[in-house]
Every structure is written in C-alpha cells, then in structure tokens.
1. Could you grab me the full set of residues in region 193-241 that are aromatic (Phe, Trp, Tyr) and under 22 Å from ALA113 (Cα atoms)?
2. Pairs, please: C-beta under 9 Å, at least 6 apart or cross-chain, first residue at positive phi and in region 322-334, second modelled with pLDDT of 95 or more and in a loop (DSSP other than H, G, I, E, B)?
3. For region 178-207, which positions are in contact with a strand residue (DSSP E or B) (Cβ under 6 Å, 6 or more places away or on another chain), closer than 17 Å to ASP159 by Cβ and of a type in the set (S, T, N, Q)?
4. Take the residues in region 144-155 that are surrounded by fewer than 16 Cβ atoms within 10 Å (Cβ to Cβ) and not acidic (Asp, Glu), then tell me which one is farthest from ARG194 (Cα to Cα).
5. Would you check if there is a residue in region 274-286 being outside any loop (DSSP other than H, G, I, E, B), farther than 20 Å from ASP233 by Cβ and touching a residue at least 60 places away in the same chain (Cβ under 8 Å)?
6. Which of the residues that make up region 287-315 are of a type in the set (Asp, Glu) and part of a loop (DSSP other than H, G, I, E, B)?
7. Considering only strands (runs of 3 or more DSSP E) fully contained in region 182-245, which possess at least 2 residues that are among the charged types (D, E, K, R)?
8. Name the residues in region 251-295 that are charged (D, E, K, R) and touching an Asp or Glu at 6+ places or on another chain (Cβ under 9 Å), would you?
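The values are calculated or read from the model by the stated rules, or taken from the named source; none is laboratory data. Everything quoted here is computed from the prediction, not taken from an experiment. Quick reminder, even Gly has a Cβ in these numbers, built from the backbone with ideal geometry, and neighbours come from all protein chains shown.
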Amino acid sequence: MNQQKKKEEEIKIVIRNWLQTLEVQIGWIDDFDKIVAKYVKNFSFFQVQLRCKDFEVIKVLEGHMGDVNSVRFSRDGKMIVSSSNDETVRIWNVESGKQIQILRGHSDWVNVAVFSPNGKTVASCADDRTIRLWDITSGKELRKFEKKAYTVNLNFSPDGKTIASGSTDGTIQLWDVNSEKEIKKLLGHSDTVRSVQYSSDGQMIVSSSKDDTICIWNIKSGKRLKELKGHTDTVENVNFSPNNQFIVSCSYDNTIRIWDVKSGNQLKILKGHKSDVNDVKYFPDGSTIVSCSDDETICLWDVNSGQKIQELKGCSKRILGIDISPNGNIIASGSRDRIIRIWG
C-alpha cells in the first residue's frame, strides 16, 4: 500500500470512529471515500508546504560578462563553479560571495562546468570543441580533450575517473580523465545530446536529447537499457533521483516529467512553467524538485503530489541553470542577465 492510500485508510478509520461515538450513520454522507481522499490530498499538500522552507535571494554574485549557462556546487557545498558565454569558468566562495578563481583558456561560449567529486579539479566544455580540466587552486589548465563535434554537456563519474560528454553529433563519449583517451562511445540518439548524468552508484547514465527522447544506458556494456518517450520538444536536462529509482526531465515543451527507471514508464507530468524549462534537479532527500525556465522563474515541486509548492521570482532574464547545495538549504541559479543568485 502506498503512502497516500495508507493515509486515506487511517483517516477513514478515525472519522468512522468519531461518527460512531456521535451515533451518526455514515450512509448519510455521499461519496465518503472521495471526501476523505480530497481531505488527505489537501492535508498532505499543507504538510509539504510546512516542510519546505521559503527561499529568497540572499546573495548576488556578479562578475561574468555574458550569459551564465551553468552553476554547480562543490560536494562540500562551500564553492560554486559557473560557466558563461564570456568564455570563462569562475569559482566562487558561497559564504562570502567572493570570486576565488577565473579560469581562462576557452575561445568560445562555455556550456557547462562541474567540480570533480574530490573538489580539486573542474571540468568544462565549450563551443571551441574542447573539454578542459582545471586545477582549482592554481587556476591552471591540466588537460585538454580535443573533439570534432561541439560538446554541450558533461559530468564526472562518481569515482572521478571518467567524464561523460554529450555532443551535437548525437553521441555520448566516455573519457579516461588521466589518459585523455576515449573509453567508450554510446550510440542511439538521432540529434544533439543536451544532458548526461551518472547514477550515484556509477552503474548507469541517463541522457536527454534534441530528438525529444531520454535514454538510460548500462555503462559497463555500453548498451541502451531504455528509451523514454513522451516529451514533444527538446529534452534539455535530466537527472536521477537520489535513490536512482526515478528520473526527472525538463523540456522545451514547458513540462517536467518523472519516470520510473526500472519500467521506463512516465509517472507524472508537472505543468506550471510558461516557457522552455532549462534545468531540473532533485533535492537531496528526493521529496522535492526544483526547476528553472525561460519564463524567468524558479519553481519547487512536491514529488508525491506533483503540485507546485513555491515560485521564486527576481531574475530579469531567462534562467539557464540551477543547482542545490548538498544539504538542501541553498539554491544557486545562473541567468542571461549575467548574474548568479543564491537563494536561501
């Protein structure tokens, strides 16, 4: 029995007992079950609202001279790395809001930058057809991976030994961080791969594409396990839930969708954004989802009910990327207004 049904049954028993003590016949209430179900739904939503803190802007980080395309927290939550159309990658101290490093070397828009799991290096990809690895202390470029196609997105494996990248040629490539050599190429998408994410156990990769599909891959075999269809436009970003049982995706069709990993079934469609949804993430406890959009808003959603529980406003242009601190207390956003906002 799922949690929602369990709550309904418990409340039915309470109400029935209460009515019996008053010697009231239950038969006089029409649609008793529906009344209880509606009560439980509203009560659960109220509980979610109480549990979820009200986020507001607490810091503004300025320095980029172009669109901020991505923002990512370090694993300890003390730093943020950002990428921009100004061809730079920048590292920021979360507590002070000060810029720690400017990483220069790319010769075109930097699409994504991410910390390695140990927090000592940063990987970035740009429209100059390179992936670069940086030392965050010295700011020096450590390695450069040359590519034929444009790299749109990348991520480190949980052990930090491999980088997965998605490109405009529809391929996903796995790279050995130390040797700079391609380990494996995953074929299946028919258009640009917009997002690639590892499962936390390092066994799977999920990818999203301009071909409107999501693919789940077995890393060891390189085989596609599932192809998820349902979105009607580019699937811009995709992420595993913390327990790897679910996937959340966002699309230019203005929707967010939740999928079951094992079956590949679509479980929920979250509607509320008025334009392209650019990024989406699970909170660390898996009970809440956060998304950002071209409609200049950030939305928080309850996973169980699919309801929007908060809408954050304050950005003056499209919001391109978001991330959540490891403790779930802070949201970072990057926008076309060149500003990184810290919400807490």
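1. TYR198, PHE240
2. GLY328/PHE283; GLY328/PRO284; GLY328/ASP285
3. Residues satisfying the conditions are GLN197, SER199.
4. Looking at residues that are surrounded by fewer than 16 Cβ atoms within 10 Å (Cβ to Cβ) and not acidic (Asp, Glu), I get LYS144.
5. No, region 274-286 contains no residue that is outside any loop (DSSP other than H, G, I, E, B), farther than 20 Å from ASP233 by Cβ and touching a residue at least 60 places away in the same chain (Cβ under 8 Å).
6. ASP294, ASP295, GLU296 - these are the residues of region 287-315 that are of a type in the set (Asp, Glu) and part of a loop (DSSP other than H, G, I, E, B).
7. Numbers: elements: 182-186, 193-198, 204-209, 213-218, 224-229, 235-240.
Result: 182-186, 224-229.
8. Of everything in region 251-295, those that are charged (D, E, K, R) and touching an Asp or Glu at 6+ places or on another chain (Cβ under 9 Å) turn out to be ASP253, LYS274, ASP276, ASP279, LYS281, ASP294, ASP295.
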